[in-house]
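The values are calculated or read from the model by the stated rules, or taken from the named source; none is laboratory data. Note that this is a predicted model, so its numbers are computed, not measured. Positions of Cβ are backbone-derived with ideal geometry, glycine not excepted, and every protein chain shown enters the neighbour counts.
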Amino acid sequence: MPFSHRAARTAPRGPVPAILLSNTFDSFGLAEPILRAVTELGYREPTPIQAQAIPVVLQGRDVMGAAQTGTGKTAGFALPILQRLMPHANTSASPARHPVRALILAPTRELADQIHENVRQYARYTGLRSAVVFGGVDIKPQIAALRQGCEVLIATPGRLLDHMGQKTVSLAQADMLVLDEADRMLDMGFLPDIQRILHALPEQRQNLMFSATFSSDIRRLASSFLNDPQVIEVARRNAAAENVEQRIYRVADLESKRAAVAQLVRERELAQVIVFTNTKIGAGRLARQLERDGLNAAAIHGDKSQQERLATLDSFKKGEIVVLVATDVAARGLDIAELPAVINYDLPYNAEDYVHRIGRTGRAGASGLALSLMTGEDERHHADIEKLLGRKLDVERLEVAGSARGRERERDRDRRESGTERRARPARSGAHSRAREAAHPAPAGYSNDPFFFEPYVPAASPGEVETPVLEAERASARRPRRPVAALLGGGKKR
């Protein structure tokens, strides 16, 4: 069932030239408290998505924005939202003076926390309040924060519905909505939750949708609740960052994969790296293996508590952890300053996740390195990634030191491919058979028992003589069976 909130909706139009392409943040007309915070954060020139999105959002139009990861999408919607909220800024201690006026939905806890940190820094001098709510942690501190009031609320859909059910938050005055990483929300099955949240929002509102990729499903979603949006795409759809060097290595097997990670980290002298796996179990095992190999590693995935995940991320950002092994829960929203590289231990099942994974490096114009490992089982995933990117990704052979088993399997595969491996076993001689019989004599009476030597005779056909045992078995099969209910004490009693 579509969840339209206006009488008339139109499908999103094609890209429209931005009204203003600014070279400085001063030219956007942002309030002095916001500009002061932006300057202190070291922002000088807006990125392309910021330069095109900020003027349009300031006008109050709906936006459907796509850009490569790491290009500043958060500031692209957070700064103009804060600017539009400036008339409501106040220093009153009353929660009633700080109702929720802007809602930002994010698919993961990490991304929600990252957005909140950015909004908090942008609004530090404005008097505007912000709060974040997500699952996996105690809800009571979040309730206390909401009761103090906030103009900007960042939330994951599930935990927001919890608060709505407990009536600890009101969205009656939230006239701005942001869906960040909307494609990931659909992948994670958040569509029903989003529908319930949209019904709780005012009908007249500004809607913003930002993501690194826009699939056909996302475009259908956009047409259902965006009102004549301006489409902003600063890069080719589903493109990977051009400043990220991508290399794919073929290894022999799983054992070689594990050894290859440690080898690549040491050979390339990576001070920090995120290693992506497809499973939570695989992430934990790899992290323990890297620890045994002498690397300071830790795993982060959905089975970890929120406190553990935040503590691990904090240690990684401080440089205390060299290798962060993560599932795709960390692929979206993590903003690690100057992360030099990522490694795909497993090629992702979904090709679009490849774009998001490698987008963790090479952010904000810096160069990055994306290394991927693959075995023969990953050929299909490799082909899907090439199809999505629209170009060929060459595969190199990686010699993994210290993996004798892997090298032997690689040689075996090469021999099979070249046709030089003998497939038939050598025939055994008669002397060998006689020696085997002498070493293992037959049981007593075996040679005189005709059962072992006479040809097989099938069961007697109708009309032939049957043994008493066979006759009894067939008679039993013909007898009517009592119902199961009778066996359990029910049914008709005799």
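Listing for the model above:
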{"item": "Members of segment 201-219 found to be under 19 Å from Ala112 (Cβ atoms) and modelled with pLDDT under 95, listed by number", "result": "Met209, Phe210, Ser211, Ala212"}
{"item": "Whichever residue in segment 55-108 is out of contact with any helix residue (DSSP H, G or I) (no Cβ under 7 Å at 6 or more places or on another chain) and polar (S, T, N, Q) and, among such residues, is nearest to Ser216 (Cα to Cα)", "result": "Gln68"}
{"item": "Residue check, Tyr349 surrounded by fewer than 17 Cβ atoms within 10 Å (Cβ to Cβ) and either assigned by TED's automatic domain parsing to the domain that holds Ile218 or within 15 Å of Leu373 (Cα to Cα) (or both)", "result": "yes"}
{"item": "Every residue from segment 173-188 that is assigned to a loop (DSSP other than H, G, I, E, B) and either closer than 18 Å to His199 by Cα or modelled with pLDDT of 95 or more (or both)", "result": "Gln173, Ala174, Asp175"}
{"item": "Residue that is nearest to Arg129 (Cα to Cα) [pool: residues in segment 76-88 that are surrounded by fewer than 24 Cβ atoms within 10 Å (Cβ to Cβ) and without any contact (Cβ under 8 Å) to a residue 60 or more places away in the chain]", "result": "Met86"}
{"item": "Residue satisfying condition, being modelled with pLDDT under 90, hydrophobic (A, V, I, L, M, F, W, C) and within 24 Å of Glu386 (Cβ to Cβ), within set Val261, Val244, Val251, Val275", "result": "Val244"}
{"item": "Per-region count, segment 141-167, residues farther than 13 Å from His98 by Cβ, β-branched (Val, Ile, Thr) and crowded, with 17+ Cβ neighbours inside 10 Å", "result": "2"}
{"item": "Search result, residues across segment 7-26 that are surrounded by 14 or more Cβ atoms within 10 Å (Cβ to Cβ) and either modelled with pLDDT of 50 or more or of a type in the set (D, E, K, R) (or both)", "result": "Arg9, Ser22, Phe25"}
{"item": "Which listed residue is part of a helix (DSSP H, G or I) and either assigned by TED's automatic domain parsing to the domain that holds Arg360 or in contact (Cβ under 8 Å) with a residue 60 or more places away in the chain (or both), from Ile104, Ile115, Ile143", "result": "Ile115"}
{"item": "Meets criteria (out of contact with any helix residue (DSSP H, G or I) (no Cβ under 9 Å at 6 or more places or on another chain), over 21 Å from Pro107 (Cβ atoms) and either assigned by TED's automatic domain parsing to the domain that holds Ala155 or hydroxyl-bearing (Ser, Thr, Tyr) (or both)) for Ser305", "result": "no"}
